[in-house]
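First up is the structure itself, then whatever we jot down about it.
The values are calculated or read from the model by the stated rules, or taken from the named source; none is laboratory data. These numbers come from a predicted model, not from an experiment. Every residue, glycine among them, receives a Cβ derived from its backbone with ideal geometry; neighbour counts consider all protein chains shown. Note: areas computed on protein heavy atoms with side chains; ligands, DNA, RNA excluded. Shrake-Rupley method; radii C 1.70, N 1.55, O 1.52, S 1.80 Å.
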Amino acid sequence: MKAERDHEPYEVFARRKPDEPLLHIGTVGASEPDDAEVYAYKLYDQWRWSEMFVAPSRALVSVRRPA
């Protein structure tokens, strides 16, 4: 496991039912994807999600146009 200073932010997305939209439910800090998966599951397990995803924040691409 890397030192805490090597943690990077991961965005957490989930949906409760397969036919519902994917929601951004929060962030976790982790040094590797496997840790982010565990942290997200432990932190956001108050609901039964049908799917949950984590992605490094740096990997997200903004598609919103400026107003």
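Ser31 fulfils the conditions (1) within 12 Å of the chain's Cα centre (by Cα); (2) of a type outside the set (Phe, Trp, Tyr); (3) surrounded by 12 or more Cβ atoms within 10 Å (Cβ to Cβ) except for a single criterion, (1).
Here's a check for you: in segment 49-67, which residue that is in a loop (DSSP other than H, G, I, E, B) and farther than 19 Å from Asp35 by Cβ is least open to solvent (accessible area, probe 1.4 Å)? Don't jump to the end; show me each part of the working.
Residues of segment 49-67 in a loop (DSSP other than H, G, I, E, B): 49-50, 60-67.
Adding the requirement that they be farther than 19 Å from Asp35 by Cβ leaves 50, 61-67.
Values: Ser50: 55, Val61: 120, Ser62: 99, Val63: 130, Arg64: 205, Arg65: 206, Pro66: 124, Ala67: 149 Å².
Step by step, filter segment 49-67, then rank; the result is Ser50.
Kindly provide the set of residues from segment 43-61 that are polar (S, T, N, Q) and either under 13 Å from His24 (Cβ atoms) or in contact with a Phe, Trp or Tyr (Cβ under 8 Å, 6 or more places away or on another chain) (or both), ordered by number. Break it down into steps so the answer makes sense when it comes.
Step one: list which residues in segment 43-61 are polar (S, T, N, Q), which gives 46, 50, 57.
Once the filter is applied, which keeps residues that are polar (S, T, N, Q) and either under 13 Å from His24 (Cβ atoms) or in contact with a Phe, Trp or Tyr (Cβ under 8 Å, 6 or more places away or on another chain) (or both), segment 43-61 yields only Ser57.
Screening segment 1-28 for residues that are out of contact with any Phe, Trp or Tyr (no Cβ under 8 Å at 6 or more places or on another chain) and of a type in the set (A, V, I, L, M, F, W, C) and picking the one that is most open to solvent (accessible area, probe 1.4 Å) gives Met1.
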